[in-house]
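Colleague: Here it is, the structure in full.
Coordinate-derived values only; no laboratory data. Predicted, not measured: the structure shown is a model, and the values here were computed from it. Positions of Cβ are backbone-derived with ideal geometry, glycine not excepted, and every protein chain shown enters the neighbour counts.
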Amino acid sequence: MSPENFFNQPRDIHEEIIKIRGEIESLDYIMLPCTDFQNPYIQASHDDLMSKYAVKKEALEGAMVDLKRDYLMQRDQIQTVIDKLALDNPRGAIVLSEYYIAHKTIRQIAKDHNYNRQHVYKIKDKAIRQAEKYIKMPPPEQ
């Protein structure tokens, strides 16, 4: 795994969590209760849909719990690497932390620190190269 992939894992998981949260919200919206409960056909159809909804929502919520656990584990690993990097390259550690932990965009980081975007990219790339020595890479598969 490259250092770039190591740092991108929590961002990817975070995006997946947002996607699942949106799916759950859309299910909640779609499955608003029917108002005509006097009609037995609508009631039966409604109960069937609600049970399918409950199963799907439970599966999505279970997936979200797993993703959140993975996200926190990955984020903690990255924070450990960034903390070690801070001794060698404090600016790079700040940029990596804001980008990968706080999920700020390059544009936001540049604005916050009065840098141009190209300078932020250079700081980030240099920090990733320097952080490589702190990343515990799994041994290559044979």
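Colleague: Just in the stretch 65-142: which GluC sites (Glu not before Pro) are loop by DSSP and have at most 13 other Cβ atoms within 10 Å?
Modeller: E141
Colleague: For a 21 Å ceiling on Cα separation, which of these pairs sit above it: K19/K111; K19/K136; K19/K126; K84/K133; K56/K104; K111/K133?
Modeller: Over 21 Å apart, Cα to Cα: K19/K111; K19/K136; K19/K126; K56/K104; K111/K133.
Colleague: A further question follows. Any idea what the dipole of the stretch 75-142 comes to, in debye rounded to 20, about its Cα centre with Lys/Arg Cβ at +1 and Asp/Glu Cβ at -1?
Modeller: 300
Colleague: Once the other residues with Cβ under 12 Å from the Cβ of D70 are scored (Lys, Arg +1; Asp, Glu -1), what is the net sum?
Modeller: -1
Colleague: Mind checking which aspartates and glutamates have their C-alpha under 13 Å from K52, skipping anything on the same chain fewer than 8 residues away?
Modeller: D28
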